[in-house]
1. Binning every alpha carbon pair distance of segment 69-116 at 5 Å from zero, what are the percents per bin?
2. In the neighborhood of H37, defined by Cβ-to-Cβ distances under 12 Å, what is the net charge if each Lys or Arg adds +1 and each Asp or Glu adds -1?
3. Give me the compactness ratio for the chain, meaning the Cα radius of gyration over 2.2 N^0.38 Å.
4. How much accessible area per residue does the chain have, counting only protein heavy atoms and a probe of 1.4 Å, in square angstrom?
5. Just want the answer: with Cβ charges of +1 for Lys and Arg and -1 for Asp and Glu, which residue in V151, V97, A51 is farthest toward the dipole's positive end in the chain?
6. Grab the other residues whose beta carbon is less than 13 angstrom from that of G162, score K and R as +1, D and E as -1, and report the net.
Amino acid sequence: EGSSAKIVETYGTDGPGANLVLPVTEVLVRRGANIEHVRAQDEGESSYSVALWAVTQEEGSEYRSYNVAFGGAIARTDQEIWLGGRHIVTRLDGVVVARGKQHIDNHTRLDHAHPECNSFEVYKQVVDDEATVVFNGKIYVHHDAQKTDAVQNNAALLLSPGATIDSKPQLEIFADDVKCTHGAT
């Protein structure tokens, strides 16, 4: 409780060989704690990566994540954040650069379970050649999560006619006193 930390995870490969990476990262941010978390993935063209990133936040905590993805034939990251108390701040930032025939997925879910919490999510992608990038972001505001302020933005830049982005920003709101926005370009 009340502590702060910076966490850096890096995933990379050396050489052309095929491999499979299946990391699971679980973070518990206790009451009043502050965590800054960076995940950088830059694996080889024959690499396959499927990652789970699960975070639970307690009252008054702050969690900031930076998800950077550059590599792999196929790479997917699922990020699940549980806002489990009042006065929580969550920030998710993501950058994806895909080229060749890469397929890079990012799926996020922010669960606002309590009142008076703020979340800010910004994912940006640059896609070239015949690469495909998927962004699926869901903000779920539970019935008791009044005074929620949630922002989600997904922006992609396609550099070639064969490049593809599949963007699906989602809001599911079951409280009536909230400020929530989402958008994709």
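1. P(r) over segment 69-116, rounded to whole percents: 5, 18, 24, 15, 12, 10, 8, 6, 2.
2. Local charge sum for H37: -1.
3. 1.05
4. Details: 8880 Å² over 185 residues.
Computed with neighbouring chains in place, this is 48 Å² per residue.
5. Working it through, the farthest residue towards the positive pole turns out to be V151.
6. Net of charged neighbours comes to -1.
The values are calculated or read from the model by the stated rules, or taken from the named source; none is laboratory data. The structure displayed is predicted, hence computed values, not measured ones. Cβ: placed from backbone, ideal geometry, glycine included. Neighbour counts: every protein chain shown. Ligands, DNA and RNA are stripped out before the accessible areas are found, and what is left, the full protein with its side chains, is counted by its heavy atoms. Shrake-Rupley method; radii C 1.70, N 1.55, O 1.52, S 1.80 Å.
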